[in-house]
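Participant: Got a structure for you, written out below as structure tokens; questions coming shortly.
The values are calculated or read from the model by the stated rules, or taken from the named source; none is laboratory data. Owing to the predicted nature of the structure, the values given are computational and were not obtained by experimental measurement. Cβ coordinates were reconstructed from backbone atoms using ideal geometry, including for glycine residues, and neighbour counts include every protein chain displayed. Accessible surface is based on the protein model in full, side chains and every heavy atom, while ligands, DNA and RNA are left aside. Shrake-Rupley method; radii C 1.70, N 1.55, O 1.52, S 1.80 Å.
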Amino acid sequence: MANTIKALLLIISSFYFFIQLSSAATYNVITYGAKPDGKTDSTRPFLKAWTSACTSSTPSTINVPKGRFLLKPITFRGPCKNKITFRLNGTLVAPLDFRALGSSGYWILFIKVTDVSFFGGNIDAKGASYWACRDSGKDCPPGARSLTFNWANNIYLSGLTSINSRQSHITINSCNNVLVKNVKIMAPDQSPNTDGIHVQSSTDVTITGTTIQTGDDCISIGDGTKNLFMAHIKCGPGHGVSIGSLGKEFDEQGVQNVTLMNTVFTKSDNGVRIKTWARPGNGFVKHVVFENIVMNNVKNPIIIDQNYCPDNVGCPGQSAGVKISDVRYKNIGGTSATSEAMTFDCSSTNPCDNVRLEDIKLTYKNKASTSTCNNVGGSSTGILMPQSCL
């Protein structure tokens, strides 16, 4: 309930925040030399417009009109003097040559900014050539994330469509007070590492009204995440909503106060997942709620995997040190694409505890599904299908 109230207050405060920006000075990127032809490098004109807005003593708007604007790696750096609205009416496109984005790991980066809103439009990272390089086994540079916010505060992202990112589409790292609303993310279901939204080391993040179809996690949640509220998400294809992977390093911050509500998964490889490596560590996951969720032909609707090891290569084969506790699953129903719809594979030396199941109804081929429990304690109430193994 606390997370729900917090999310509503954030949305209301954002509404009044943007009312204040209605009279802001406007800087049109065309004025600074940007060309909407999709071929001319517009990186420098965009940076000039940003400098004007960033140094403005009054709230300002950067306007990107209709058209296609070619951008190479670009960093919008703060701190700035006042609030900035980035209004995208057209499409930002990356160079076709994936090597043109270099090895920084970023395409569009906002860093150390406060009170920035980003409205509408499309970003197309042209990821296919990079994925082909990865698949060929050639020496490829690190893939670039499409849109990243690093060390940013009071961020509002609304109405954006992100297409074919080379790595994660949207990354929220070391941020506070972020609202992501009505965003659409698309990449082929076999595109590697194209997470929809990745959140890590951030506090008070809300993601709502978002549709994600991608080749990796729809939403991935890294260490140091606190007070994350997600609602009205449509996920699939993809790897589900995942806390983790955690525990790859010994010293990690914990993940706490995470809520996912009113969400639909369709033909995804996982539904709600917590995954940790099987090695010692001091991390933790606690105070998690998965509620009012529909699964449509999902392979692993409910899963805790503390022996996570993708492709079974270089697996540590130890016992997970990440402590998982106080995880609630309520009113989750639909169909599983696998006979085992619920899997709790927890640490043998640090078992999961206080895992609660309430009104779970997941079927497999019109029959009851099954569940497996290893090293987990908790309770069950209400309708339970599969039968609880707690």
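Participant: How big is the antiparallel share of DSSP beta bridges in the chain, given as a percent to the nearest 5?
Facilitator: For the chain, the DSSP antiparallel bridge percentage is about 0.
Participant: What's the FRET efficiency of Ser348 with Glu249 using the Cβ-Cβ distance as r and R₀ = 22 Å, to the nearest 0.05?
Facilitator: After rounding, the FRET efficiency stands at 0.60.
Participant: So, one more: How large are Rg and Dmax for the stretch 26-159 when calculated on the C-alpha trace, in angstrom?
Facilitator: Gyration radius and largest Cα-Cα distance of the stretch 26-159: 15.0, 51 Å.
Participant: Next up: Could you work out the equivalent-ellipsoid semi-axes for the chain, taking the square root of 5 times each eigenvalue of the Cα gyration tensor, largest first, in whole Å?
Facilitator: Semi-axes from the Cα gyration tensor: 38, 23, 19 Å.
Participant: Whenever you get a sec, compute what percent of the accessible area on the chain sits on carbon and sulfur atoms (1.4 Å probe).
Facilitator: Taking all protein chains in place, the chain shows 49 percent carbon and sulfur surface.
Participant: In whole Å, what are the Cα extents of the stretch 89-160 along the three principal axes, biggest one first?
Facilitator: Taking max minus min along each principal axis of the Cα atoms, the stretch 89-160 gives 42, 26, 16 Å.
Participant: While we're here: Under 5 Å between amide H atoms, partner at least 5 residues away or on a different chain: which partners does Ser165 have, H built in plane at 1.01 Å?
Facilitator: Amide H neighbours of Ser165, under 5 Å, 5+ apart: Ala125.
Participant: Which peptide among 364-375, 247-258, 289-300 comes first, and what is the full order, when sorted by highest mean count of other Cβ atoms within 10 Å?
Facilitator: So the order, starting with the most tightly packed, is 289-300, 247-258, 364-375.
Participant: Could you report the stretch 249-390's accessible area per residue, 1.4 Å probe, as an integer in Å²?
Facilitator: Per-residue value: 44 Å².
Participant: As a check on your grasp of the helix formula, calculate [θ] at 222 nm for the chain: sum -39500 (n - 2.57) over DSSP H runs of n ≥ 4, divide by the residue count, round to the nearest 500.
Facilitator: -3500 deg cm²/dmol
Participant: Right, next: Taking each full run of DSSP H in the chain as one helix, which ones are at least 20 Å long along their axis (Cα atoms) and have mean Kyte-Doolittle hydropathy of at least -0.5?
Facilitator: Details: long enough: 2-20 (27 Å, 1.42).
Both cut-offs are met by 2-20.
Participant: For the chain, give me every cysteine whose Cβ has no other Cys Cβ within less than 4.7 Å, ordered by residue number.
Facilitator: Flagged as lacking a Cys partner: Cys175.
Participant: Per residue, how much accessible area does the stretch 85-124 show when a 1.4 Å probe rolls over the protein heavy atoms, in square angstrom?
Facilitator: For the stretch 85-124, the per-residue accessible area is 33 Å².
Participant: Mind checking the full-extension length gain between Thr40 and Asp139? Use 0.36 nm per residue of separation minus the Cα-Cα distance, one decimal, nm.
Facilitator: Details: separation 99, 0.36 × 99 = 35.64 nm, distance 2.82 nm.
Gain in length upon complete extension: 32.8 nm.
Participant: Could you derive backbone 3J(HN,Hα) for the stretch 320-331 from the dihedral phi with the Karplus parameters 6.51, -1.76 and 1.60 (θ = phi - 60°), listing whole Hz in sequence and x where the residue is Gly or Pro?
Facilitator: Calculated HN-Hα couplings, in order: 5, x, 5, 8, 10, 8, 6, 10, 10, 10, 9, 6 Hz.
Participant: Of the listed peptides 266-273, 200-207, 350-357, what is their order by residue-averaged count of other C-beta atoms within 10 Å, with the highest listed first?
Facilitator: With the highest mean Cβ count within 10 Å placed first, the list reads 266-273, 200-207, 350-357.
Participant: What is the packing order of peptides 210-217, 93-100, 116-123, 312-319, taking the mean over residues of other C-beta atoms within 10 Å and listing the highest first? If you can, show how the numbers build up before the last one.
Facilitator: Working: 210-217: 24.1, 93-100: 16.4, 116-123: 19.9, 312-319: 11.2.
Peptide ranking by packing, descending: 210-217, 116-123, 93-100, 312-319.
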